[in-house]
Amino acid sequence: MQGLEDLYREIILDHYKNPRNSGTLEVPPAHQADGYNPLCGDEISIYVNYDGERITDIKNSGQGCSISRSSASLMTNAVKGKTIAEARETIKTFKRLLLLDEEGEKSEPVEIDLRKLGELAALQGVSKFPARIKCATLAWNTFTQIVDELDLQIDGAND
Amino acid sequence: MTEVLIDNHIDVAKVRSDFPIFANNPGLHYLDSGASSQRPSMVLEAMENYYRFHHANVHRGVYRLAEEATELYESARERIGRFIGATHPGRETIFSKNSTEALNLVANSLGRGFLRQGDKVVITKMEHHANIVPWQMLAQYIGIQVEFIDVDDEGELIIDDLERIVDGAKVVSLTLTSNVLGTVTPFTGIAQVAKAAGAIVVGDASQFVPHRQIDVKSIGADLIAFTGHKMFGPTGIGVLWGRSELLDQMPPFLGGGDMISDVRLDGFVANELPYKFEAGTPPIAEAIGLGAAVDYMNSIGMDAIESHDREISRLAYEKVKGAFGDEIKIFGPSDPSKRSGCLSFELEGVHPHDVAQVLDQNLVNVRAGHHCAKPLMRHLGVAATARASFHIYNDEADVDALVDALKETRNFFI
């Protein structure tokens, strides 16, 4: 059996108790996406300000368990200031960390340089608790909706 | 099976020896019977015995095995019907997949045969989704109006104004016991007012039948749904009971084998009760398993099962409240005599999902989530609760394990 410490790392509890980038941004100009986990009732809204090159600000609001809330907090820290391509790369790395492929299906482990991950590495233990993976991915899947939307806009501008 | 009563009280240790899950999971504190109970050996043996010695399709063949299978299936129906007090157990006891399917049968059949655009159907804010969504579907498809009996802060139905709410209603459908709050509703009183207003009365007894004696003749309902797997039976089997005069008038729900007496190119004639509502090869082994579960409950006695439920509901409320006071919010009636089966709570500062995770490390199994009752959760102002639910194999040691694990949870997170 996995110990609780594998799941509830200190960094996770810290981000749960002291959430970063919590709140909302004015829409528009911000982009907003909402996510729900029908299984447990968790809800999240992600707000992104994008200046055409980088994510200049990101906020999240909602309710959920410690894994869901801390994952949202860690994610906003990880992608703030990044380009869309860089944000996609971060999403990909996060999914690998949870042993998921890009579609979110279970996949074989891929080697990851944990040192480059920073605090995000704390979420690695979640992969050992299958019932909690949906908690950890909620914020990321919701953020992906905005990334997809921004990608479409970029494609449209290049046409 | 062993003798399980001592002075009319359930001997939990002996009951547990009837349920192999406990021997196979040492130290388990299973507190999720509200989601699904465990099964005694005699249910498993009845199903295996059927498959090993008597399996054939029912109501079809003239050969010996087919007759044995039909006899076992119909005998289970009779026993289950008698268990709930049906006047005509063989005609009024309809097998379904679960309560959800039984309630969908009711809504669809009434929607086809009785309800028109603008008709009023009254339910309550504490219903399981299974008694909300089928009516909302009718609202979408034929334009019925769905109205709700409200719930107060104590988790009880507000019925001061009941006569006005049910006035003109064609159907009043409500739960006998809330799966979230454990509230036992004043079903019979509501049914009387609803009947006086001319409504068909439907009861969701999924959480009631596992713990309390039901007498469908006197409870005031026209239709009652419940499920097998919460009362020691297998999954995949539920029951719809109905007054035969009403069932006779209701059009069938699913079409196919067994539910017809004749089919021609230009139409069909529905079979008689109960087969009219049992399309396709039924869950034969599951019905036989549920028959054995009812035999098991009868062997213990519903009086003893009910008093055990009352005792453990009171004990759980008092011990958890006593240990945590204002640090815990317990949903539902504060009067333990109005509760049955479960304890829903929110530990201050810890999300229910995290509570359930730490409890699991202590082999205490509880449910965390919205319990398929989102309108009620919104009414309570929470996204989720943790719910400990009990049955005859639970005792004070399980409640103590719950309290200890909750203390550990609090220390871990706060």
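The values are calculated or read from the model by the stated rules, or taken from the named source; none is laboratory data. Keep in mind the model is a prediction, meaning the values are calculated, not measured. Note that each Cβ is placed from the backbone with ideal geometry, even for glycine, and that neighbours are counted across all protein chains shown. Surface accessibility is based on the protein's heavy atoms, side chains included, excluding ligands, DNA and RNA. Shrake-Rupley method; radii C 1.70, N 1.55, O 1.52, S 1.80 Å.
Below is a table of values for the structure above.
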{"read-out": "Selection of GluC sites (Glu not before Pro), the stretch A:1-89, meeting DSSP coil and at most 10 other Cβ within 10 Å", "value": "A:Glu26, A:Glu53"}
{"read-out": "Accessible surface of the protein assembly as shown, 1.4 Å probe, proportion on carbon and sulfur as whole %", "value": "49 percent"}
{"read-out": "Per-residue SASA entry for B:Cys342, accessible area with 1.4 Å probe, Å² rounded to 10", "value": "10 Å²"}
{"read-out": "Shielding by partners - mean other protein chain Cβ count within 10 Å, residues of A:57-68", "value": "3"}
{"read-out": "Stretchable slack from B:Leu363 to B:Met137, in nm (0.36 nm times residue separation minus alpha-carbon distance)", "value": "77.4 nm"}
{"read-out": "Kyte-Doolittle at least 0.0, axis length at least 20 Å by Cα - qualifying DSSP helices, chain B", "value": "B:99-113, B:284-300"}
{"read-out": "Size of charge dipole - the protein assembly as shown - debye, nearest 20, with Cβ of Lys, Arg +1 and Asp, Glu -1, no other charges", "value": "240 debye"}
{"read-out": "A/B buried area, accessible surface, summed, 1.4 Å probe, Å²", "value": "1600 Å²"}
{"read-out": "Cα-centre dipole for chain B with unit charges at Cβ (Lys and Arg positive, Asp and Glu negative), debye to 20", "value": "860 debye"}
{"read-out": "Within the stretch B:1-97, trypsin sites (Lys or Arg not before Pro) in DSSP loop having at most 16 other beta-carbon neighbours inside 10 Å", "value": "B:Arg60"}
{"read-out": "Which of B:Pro89, B:Asn57, B:Ala107, positive extreme of dipole for the stretch B:53-149 (C-beta unit charges)", "value": "B:Ala107"}
{"read-out": "Filtered trypsin sites (Lys or Arg not before Pro), the stretch B:181-235: DSSP coil and at most 14 other beta carbons within 10 Å", "value": "B:Lys217"}
{"read-out": "Residues of type lysines that A:Lys92 reaches as a straight line, Cα spacing below 26 Å, ignoring anything fewer than 8 places off in the same chain", "value": "A:Lys59, A:Lys80, A:Lys82, A:Lys106, A:Lys116, A:Lys128, A:Lys134"}
{"read-out": "Residue mean of other protein chain beta carbons inside 10 Å, B:353-361", "value": "6"}
{"read-out": "Listed residue (B:Val320, B:Leu162, A:Leu98) projecting farthest to the positive dipole end of the protein assembly as shown, Cβ model", "value": "B:Leu162"}
{"read-out": "Pairs beyond 20 Å (Cα-Cα), from B:Lys217/B:Lys276; B:Lys97/B:Lys230; B:Lys120/B:Lys195; B:Lys125/B:Lys338", "value": "B:Lys217/B:Lys276"}
{"read-out": "Mean projected area (nm²) of the alpha-carbon convex hull when the protein assembly as shown is viewed from all directions", "value": "31.6 nm²"}
{"read-out": "Accessible solvent surface per residue of the protein assembly as shown, calculated while the other protein chains remain in place, 1.4 angstrom probe, Å²", "value": "42 Å²"}
{"read-out": "Cβ-placed point charges (K, R +1; D, E -1), dipole of chain A about Cα centre in debye, nearest 20", "value": "660 debye"}
{"read-out": "Given charges at Cβ of Lys, Arg, Asp, Glu: the stretch B:285-392 dipole, positive-most of B:Pro333, B:Gly289, B:Leu363", "value": "B:Pro333"}
{"read-out": "Amide hydrogen neighbours beyond the local backbone of B:Asp119, cut-off 5 Å, H modeled", "value": "B:Gln145"}
